[in-house]
Each structure stands twice: as structure tokens, then as C-alpha cells.
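**Student:** Dumping the structure here so I can ask a few things about it.
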Amino acid sequence: MATNDILTQFVREALALGNSREDIQSALDDAGWSTREIAEAMEAFATTDFNPPVPKPRPQLTARDAFVYLVLFTALAFVATNLINLIHAVLDLILPDPGAEAWTDGRATDRARWSISILVIAAPVFVWMTLYTNRQIHEDAGHRRSLVRKWLTYLALFISALVFLGDAAFVIYSFLAGETTMRFLLKALTVACVSAAVFVFYLRDVEADADEQ
Amino acid sequence: MSNRLFLLLMIAAVSVAVIAGLWTVGGPMQGRRDKFDRHRYLELSKIADALLCEHRSSGTAVPLPEDLSVDAMRIHCSGAGIAEADLFDNETGAPYSYERMSEQDFSVCASFYDAERTRRLNASFRSVAPFDPETGCMSGRVR
């Protein structure tokens, strides 16, 4: 049995025997449990006089959620990277840079065709999966507690923040290296806009989850 | 930003990018033309490479063949790796035009949809003979 399970079971039994929350917290504190561990164990049960103690809903991990959210976030990754890639390829072709390598046009044409192909598939999948998961959450708030959704949302936030900050650092580096052409600035702006949009969108999701709790 | 607004913005951005991409690189017809032009470019390069015959180390200049055929190429430069299909346009089936300007100077030409675009798109492939997009020809001089 995991440590947290032992603690939760103890709290459940103590509440069932009619001990007050303050007494239970004090006993756990004397036993050496940390404030955070005690708070988490106490939070697992609703504050009510009903006996036996009523458990609060907890994050779930189901195979179905793993499938749905992995498809959703993979589609998001494909849409974001290929949108950036396609815009970069178009900029390479319409704003030629005399300083660029000779093979730029050939590569840009191939990249554009690949990105269009992936976007035509990934964008509808992302839209459909987002609407589907939103509808599920709207109909049953329990879906909001999906552990996979929570983890992947934070992963999307982390990656988009990393890309945004990396892009900003690259702009400064390129400015110092004298590469501030219009083409370069538009490319950097594309990366910044896409990563910021993803970040803001999922940050709102995290805030909505916090409000729910 | 509501979910719906984010999705609408994403759909708009993807649509605009896809339309701009198709406008820039062209649709399936352009893709097919690029493919045939690339074949032409690579085959002209292969023929020019065989005519220049630089890998042979005989040290003596060999006159260019009178016509472009597998047999003539074999006599000119044995084992040059030219196949019958390399001498004909993949799309039209017409033979590539070969001009023997002297015993040492030649040009091989093809009819491209867009020779300048072909040169740009295939710039990563370094041909042994210079390519002139104006005429669609590769020319060279044997040593």
C-alpha cells in the first residue's frame, strides 16, 4: 500500500469514528507528516457531518482519456509546427534572400507541400477533438479531472513557453549577428504568435480548472 | 479568448496559410510539371556527364559521338551508365536534342515547362555541365 493510501485510509477511519478534523490534523502532525501531506489527505473528504466520510472526486487515469487526449495534443503539435513551417516556406519563396543557400527554393517547395498535406489532415482532427472534449466536459464535469488531460495541458504550456522564450532569444542573437531582414523578422513573429496563442489558450484551461476546484 | 474564438482563429490562420502555400508552390498540376522537369534536368545532367566522360583516365581526347544513342555512348565512353530510357523525355517520349558543335563541344537540350524554376528547385543537385535556363540546354567541352 502506498504511503498516501495509508494516510487517506487513516483519515477516513478517524473521521468515521467521529474525531474532529483539528484533532486528526494534530495527531498526524505529531506523527511527523508534512503540512502538505496532511492537507491533501484531509482534502480527500468532503466537509460534512455525514457518516461514513464522503470522498471528494479525484483525478482519473483511464485508457479512453489517454487515447482521446493523446490524439488531441498530437494533432495540436502537428498543426502548430506545420503552420509555422508552411509560413516559413512561403516567406522563403516570396522574399528571397541573396545571402541564403542555393537550395533554399527546392527545400522550401518540398516543405510547403508537406506542411499543407499535414495541415489538411491534422487541423480538422484538432478542431473535432477539441469540440468533442469540450462537449464531454460540458455534459459531465468529471472529464475535467482527467489526469492525462492535466499532464498534457501543462506539457503544452511548457513547450509553448519554451518555444516563445527560445524564439525571443534567437531574435536577439540574430539582431546582434546582423540578420534582421524582413523575412527573418516575419518568421520570428510567426513563431511568437503561434506559441503565444497555444500558451494563452491552455493557460485559460488551467485557470478554468482552478476555478472549478 | 474563448475556445470557439481560438478555434476560429486557428481555422482562419491554417486556411490562409494553405491558400498562400498553394498559390506559391502551385497545385497538383504544377507538382506534376515540376516532377517531369526534374526528370529532364537530371537526365540532361546524366547525358552531359557521360559525354564529358571525366571519370575515364585515358589522358587522350576522344571525339564526341555523332548522335545520341546507347551504342554511340558505349563507344564514346564505355560503361558510362546510360540506359536507353535516359535519352528520351519521360513525358513526351521524344529524344533529347543533341548538338555536336565540334569534336569537343556539345549541348543537350530538353523542352521544359519552366527551365528557370527547374534550375532553382534543383539547385542542390550539382550538374557537371552548366545549364542555361533560357535555352533549356546543358553544354560542355570534352578535354
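**Student:** Looking only at segment A:97-116, which residues are facing another protein chain (nearest Cβ under 7 Å) and of a type in the set (D, E, K, R)?
**Tutor:** A:ASP105, A:ARG113
**Student:** Additional query: Looking for something over 18 Å from A:ILE118 (Cβ atoms) and away from every other protein chain (no Cβ under 12 Å) - is there at least one such residue anywhere in segment B:9-30?
**Tutor:** For segment B:9-30, residues over 18 Å from A:ILE118 (Cβ atoms) and away from every other protein chain (no Cβ under 12 Å): present.
**Student:** Another question about this same structure. Please give the number of the condition A:PHE73 fails out of (1) surrounded by 11 or more Cβ atoms within 10 Å (Cβ to Cβ); (2) free of Cβ contacts under 8 Å to residues at least 40 places away in the same chain.
**Tutor:** Here A:PHE73 meets the rest and fails (2).
**Student:** Let me ask something additional. All but one of (1) exposed (fewer than 12 other Cβ atoms within 10 Å of the Cβ); (2) not in a helix (DSSP H, G or I) hold for A:GLU22; state the number of the condition that does not hold.
**Tutor:** The number of the failed condition is (2).
**Student:** Taking segment A:189-213, which residues are surrounded by fewer than 16 Cβ atoms within 10 Å (Cβ to Cβ), at pLDDT below 90 and within 13 Å of chain B (Cβ to nearest Cβ)?
**Tutor:** Scanning segment A:189-213 gives A:ARG204, A:GLU207, A:ALA208.
**Student:** Kindly provide the set of residues from segment A:119-170 that are crowded, with 18+ Cβ neighbours inside 10 Å and within 12 Å of chain B (Cβ to nearest Cβ), ordered by number.
**Tutor:** A:LEU119, A:ALA122, A:ALA123, A:PHE126, A:MET129, A:THR130, A:THR133, A:ILE137
**Student:** While we're looking at this one, here's another question. Which members of segment B:77-131 meet the condition of being within 13 Å of chain A (Cβ to nearest Cβ), without any contact (Cβ under 8 Å) to a residue 24 or more places away in the chain and closer than 12 Å to B:SER45 by Cα?
**Tutor:** B:ARG126
**Student:** Next question. Filter segment B:31-51 for residues that are free of Cβ contacts under 8 Å to residues at least 60 places away in the same chain and touching a Lys or Arg at 6+ places or on another chain (Cβ under 9 Å) and give the result.
**Tutor:** Correct list: B:GLY31 only.
**Student:** Here are A:ASP110, A:ASP92: which of them is touching a residue at least 24 places away in the same chain (Cβ under 8 Å), assigned by TED's automatic domain parsing to the domain that holds A:PHE184 and of a type outside the set (Gly, Ala, Ser)? Give the derivation first.
**Tutor:** Numbers: A:ASP110 fails: touching a residue at least 24 places away in the same chain (Cβ under 8 Å).
The unique qualifying residue is A:ASP92.
For every residue, the table says whether it meets (1) assigned to a loop (DSSP other than H, G, I, E, B); (2) touching a helix residue (DSSP H, G or I) at 6+ places or on another chain (Cβ under 8 Å).
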position	(1), (2)
A:SER26	no, no
A:ASP30	no, no
A:TRP33	yes, yes
A:VAL68	no, yes
A:ALA80	no, yes
A:GLU101	yes, no
A:ASP105	no, yes
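The values are calculated or read from the model by the stated rules, or taken from the named source; none is laboratory data. This one's a predicted model, so the numbers in the text were calculated from it and none came from an experiment. A quick note on method: Cβ atoms are made from the backbone with ideal geometry, for glycine too, and the neighbour counts reach across all protein chains shown.
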